Structures are given as structure tokens and as C-alpha cells.
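Working notes, beginning with the structure itself.
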Amino acid sequence: MNNSEKNQFATLLSKYMRDARASCNDMAEEIGVHRLTIDKWKKGEMKPSKKDKIMACARFFKLTEEQEKEFLKAAGFQEENFPPNDLAEEIFDEYISGLFTKLAQLNPHPIMLLLTQANWSDPPCREAILRRAKQVYLGKVLHIHPPVSLSVDRDSYFAHLGEQCGMECVKNDYDFEQVLKKRIEKSERLFLLVSRFEQGVPILGEHLASIIRNLSEDYANRFHVILCGGEKLAALKYESGHLSLLNFAKDEYWTELGRDEVYILRKHRFPNLNLYDILVDRLLEISGGHPKILNQCLVFQSNFPELDLANYPDKLSRSDEISQLFIPFIKTGMQKQWLQWLAQDRVAEWQPYILDDVLRELYWKNALIRREKEGESGLYWRCKAIKMAGKRILGREY
């Protein structure tokens, strides 16, 4: 990496930290490096040597697809964005339209939790969702995302949200709630998208949720909200039972990939790749519909056409992306339980809120998926490659 590339990476890192109001300590703790390492990255004295650290930074900042691509390029790595921004509306046009149809039908509190597993952006296709919202709500659309920093105080947190909505007068939580009230009163319907909900100080996120709930109760059917997140957002609804701040919000899980989406992706990213229904179905089976694993399958098809499909799972299981799913569980003292889970495809009954801590973590990491078989919902390993990686890595303990 030359000096200009170092400076570009340092510049972007400093910008994203500043935008997120994140300190070196915040970042270091989140991605598992020393605080001085972050400081050297910011000064351009060194760069991350491993791609997973760059991706951890990108997840920490909750970067958009284009921002992630730019960030990776500045660090000297190939981007891992999926799906590309210019494909978002074409690939998921019907699904995004359906989101707003479902939202409008939630009476009297149109609040939706758009829950997404790992390896999609947060939310997936955010810009496409906002563009569609502006059409549906005639421009009466707001978009906020909480600051990343865990050291931000309450006033700064809500002042930052106010700035994102063009509310320069907001200095604290009371101001934010009152100005938002006035926006609703001036509109027949107002739409709010809250992305990156899970980042930042948990108690301030809960306070934001309470404001949203109160306004929804005061302005029935006029305040339409989609909150985007994953495990922490689901916990906010389910862990407190009937006392939950969002117990009347409707759960919506991001859609799975199918044939149509694969063909559209091929048209734009792999135009010379020859696909047909039987092959597409096989690739979906091998990847389990996991967005990044499917993308890698298409790369194999494009670059290594001689590679037998039967060899895909083993090759995929050795990737860092999949292997890292299991590394945190090596020293858990759960050998017997892991042997039982990895010996079967269906690991548990599906529940809207998964009670087992390990299975819940694996689900939100996208190692597990909900599937319907024989009329029952179960929690299954997403694909064979993931099971193979688990057996190889956790097998060291058996």
C-alpha cells in the first residue's frame, strides 16, 4: 500500500469514526484490537493486515454497500458487497412493495420490525426502501440511525438524530419528541425508517423505542415506522413480555433468495455465465440461500467451471467467512451438545424468540435458518458447508 492509499484509508476511517462519534476505545473493544492500533490506522502509520478486521470495522460503522466497497478498496482489499446498490430495486422490487402494503394494514399501530440476519446490510437495500417510501408517502419520509459510540450522552444522542431529520433546534430527547410530534401533526401520514437500530448505547435505544411507541399511540394510523435490526431489536420486543416497548410491533423477516433473484444477479454481475433452472436450484441448495455463500458459488461457476458441484461444500467450508462462525464456541464446554446439533439438519423447533443463547446467536449470524417441513417450522443448518466447518473446527474439542 503506497502513502496515498494509506492516507485514503486513514481519511475514511477518521470520517466514519467522527460521523459515528466513536472513540478509539469504542472501536478497539468492538473489533478486538488494541486502542493504539486504531490510533495508528487513523494516522496512516499502518493498516489492517487481515480482511476480517476491515469487515469488522464496516459492520461496526454499519456502512452502506457503496461505503463498504470504498472502505475495502482504500484498505487494499476486494469489496464484498451484496447485493449491489444498482440491483436492489430490481432484485427485491416486489418484496419492498409488499413491505409497505403490510405496514399500511397494521391497524391502529403501523410499526414493523424488519429483522435481518448477518451478511446483509442493515437494512438490506436501504436506499431502495427509502426511494419507495418517498413515492408511497409523497415525500413525507424521515430516516435516522443512532450514533455508534457507547460513550455518547443522552442529549448528544438525540441532537444527532435531530440533525439527521433536519431538526437543527433539537438539543435533547424532549426536543426530539416534540419536533417529531409537530411533523406528524402537519402530515396526513409520516414515515420513519430507523436503521442501524442496534448500534450505540442500549438504554438510549430503548428510550428511542419508547418515544416511537408513545407517538404511535397518540397518532394512530398516522405515524408509520419500520425499525431495522437483528438480535437486539428482537430482544427488545420479546425479553420483557407484555411490558415490552415494542410488543405490538409486527415482525417481518428479510426475504430469502430464489431463482428469480439469482437470474437477475447473474444478468448484472456474471453476464457470461450460463445458468439454467436445475443448476440454479442446486446452487441455492449448496449455499442455503446465504447471500455471500451464493455469491461465492457463482464466482466458482464463472472462474472454475471444471470444479464439480459435489466439491463446493468442502471448498466453501474452509473460507474465513464460514469458519469464523464457530471459533467463538471452541471453549464452551458443550461438546456433547455440539455433537448432537451437528449430527442433524434440524436442530430445534422454531420460536419467534429463540431461547437457547447459542442457537439464538447462530441464527442471527446466519448459520441457522427457519424452514417449513411437513407442516412444522424448525431451525435448520443453512447449508452443508456450514455444518462441515462446525464439525472440523469444534471437532478439535471432541
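The values are calculated or read from the model by the stated rules, or taken from the named source; none is laboratory data. Note that the structure is a prediction, hence the values are computed from the model and not measured. Ideal geometry is used to build each Cβ from the backbone, glycine not excepted, and the neighbour counts take in all protein chains shown.
Condition first: in contact (Cβ under 8 Å) with a residue 60 or more places away in the chain and among the polar types (S, T, N, Q). Now tell me which residues in the stretch 344-398 satisfy that.
Passing the criteria: only N366.
Looking at (1) touching a Lys or Arg at 6+ places or on another chain (Cβ under 9 Å); (2) at pLDDT below 80; (3) assigned to a helix (DSSP H, G or I), which is the only condition L13 fails?
(2)
Condition first: charged (D, E, K, R) and either in contact with an Asp or Glu (Cβ under 6 Å, 6 or more places away or on another chain) or at pLDDT below 95 (or both). Can you find one or more residues in the stretch 279-291 that meet it?
No, the stretch 279-291 has no match at all.
Output the number of residues of the stretch 339-393 satisfying the condition of being more than 19 Å from D251 (Cβ to Cβ), at pLDDT below 95 and among the aromatic types (F, W, Y).
The qualifying residues number 1.
If you take the residues of the stretch 358-398 that are of a type in the set (K, R) and assigned to a strand (DSSP E or B), which of them is nearest to E231 (Cα to Cα)? Walk me through it before giving the result.
Just the residues of the stretch 358-398 that are of a type in the set (K, R), to begin with: 360, 365, 370-371, 373, 382, 384, 387, 391-392, 396.
Cutting the leftovers down to assigned to a strand (DSSP E or B) gives us 370-371, 373.
Working: R370: 15, R371: 19, K373: 24 Å.
It comes out as R370.
Of all residues in the stretch 299-316 being among the acidic types (D, E) and closer than 18 Å to L275 by Cβ, which is surrounded by the fewest Cβ atoms within 10 Å (Cβ to Cβ)?
Among residues in the stretch 299-316 that are among the acidic types (D, E) and closer than 18 Å to L275 by Cβ, the one surrounded by the fewest Cβ atoms within 10 Å (Cβ to Cβ) is E306.
For the stretch 52-61, does any single residue satisfy the condition of being touching a residue at least 12 places away in the same chain (Cβ under 8 Å) and not in a helix (DSSP H, G or I)?
The answer is no; no qualifying residue exists.
Do we have S302 as over 20 Å from the mean Cα position of the chain (by Cα), within 30 Å of F92 (Cα to Cα) and in contact (Cβ under 8 Å) with a residue 24 or more places away in the chain here?
Criteria met by S302.
Out of all the residues in the stretch 70-125, which are at pLDDT below 75, aliphatic (A, V, I, L, M) and either closer than 25 Å to E231 by Cα or buried (at least 20 other Cβ atoms within 10 Å of the Cβ) (or both)?
Correct list: A88 only.
If I filter the stretch 232-280 down to residues being of a type in the set (S, T, Y) and either out of contact with any strand residue (DSSP E or B) (no Cβ under 6 Å at 6 or more places or on another chain) or free of Cβ contacts under 8 Å to residues at least 40 places away in the same chain (or both), which single residue comes out as surrounded by the fewest Cβ atoms within 10 Å (Cβ to Cβ)?
Y276
With respect to E372, determine if the residue is within 21 Å of R259 (Cβ to Cβ), outside the structural domain of L115 (by TED's automatic domain parsing) and among the charged types (D, E, K, R).
yes
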